[in-house]
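The values are calculated or read from the model by the stated rules, or taken from the named source; none is laboratory data. Fair warning: this is a prediction, and the values are worked out from it, not measured in the lab. Ideal geometry is used to build each Cβ from the backbone, glycine not excepted, and the neighbour counts take in all protein chains shown.
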Amino acid sequence: MAVSRYTPAITALVVAAALLTACGSSKPSYCSQVANLKASVKALPTTDVVQNGTSALKAAVTKVQDDAKAVVSSAKSDFPTETSALESSVNSLVASVKALPSGPSPAAIAEVVGGVAGVSTAVQNFSSATSSKCG
């Protein structure tokens, strides 16, 4: 096989493309994970507890908990204060949702609403803290 005069140029383009691809993926993994967490938190208020019961809320909170664990695991060393606050707020929400009976009282519902607000604030604070690394 003869080497064409274009081979060096093609090789250079392939190497440049590989380098640019590597540069584009330089964001930490928690950047995409926080997007997943935001989406799962945003879905909480749309959970139809009246129609689907408290099990639907428990499933939605489990999704938040799983997404939060992924964020905390990958970002704890870079953002210990924010991940600790996130972990604490999610644990509080999980505890209040697990304690809900099938026919919750207004006080129990208010506690869950407060837990959702706490998680939302923790996610916003984490997102603000990571914005310089996540762009």
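A few notes on this one:
- Any pair with Cβ under 7 angstrom, 6 or more apart, that starts in region 55-82 at a residue that is free of Cβ contacts under 8 Å to residues at least 24 places away in the same chain and ends at one that is charged (D, E, K, R) and surrounded by 13 or more Cβ atoms within 10 Å (Cβ to Cβ): Val72/Glu87
- Of all the numbered requirements in (1) surrounded by 13 or more Cβ atoms within 10 Å (Cβ to Cβ); (2) modelled with pLDDT of 95 or more, Thr81 misses one, and that requirement is (1).
- Residues located in region 70-94, provided they are touching a helix residue (DSSP H, G or I) at 6+ places or on another chain (Cβ under 8 Å) and more than 16 Å from Ala129 (Cβ to Cβ): Ala70, Val90, Ser92, Leu93, Val94
- Ala70 under 9 Å from the mean Cα position of the chain (by Cα) and either exposed (fewer than 15 other Cβ atoms within 10 Å of the Cβ) or under 27 Å from Gly103 (Cα atoms) (or both): no
- Options Lys63, Lys69, Lys58: the member that is under 19 Å from Ala39 (Cβ atoms), of a type outside the set (A, V, I, L, M) and at pLDDT below 95: Lys58
- Selection within region 117-135 - within 21 Å of Ser32 (Cα to Cα) and aliphatic (A, V, I, L, M): Val119, Ala122, Val123, Ala129
- Looking across region 102-126, just one residue is farther than 10 Å from Leu86 by Cβ, touching a residue at least 40 places away in the same chain (Cβ under 8 Å), assigned to a helix (DSSP H, G or I) and among the small types (Gly, Ala, Ser), and that is Ser120.
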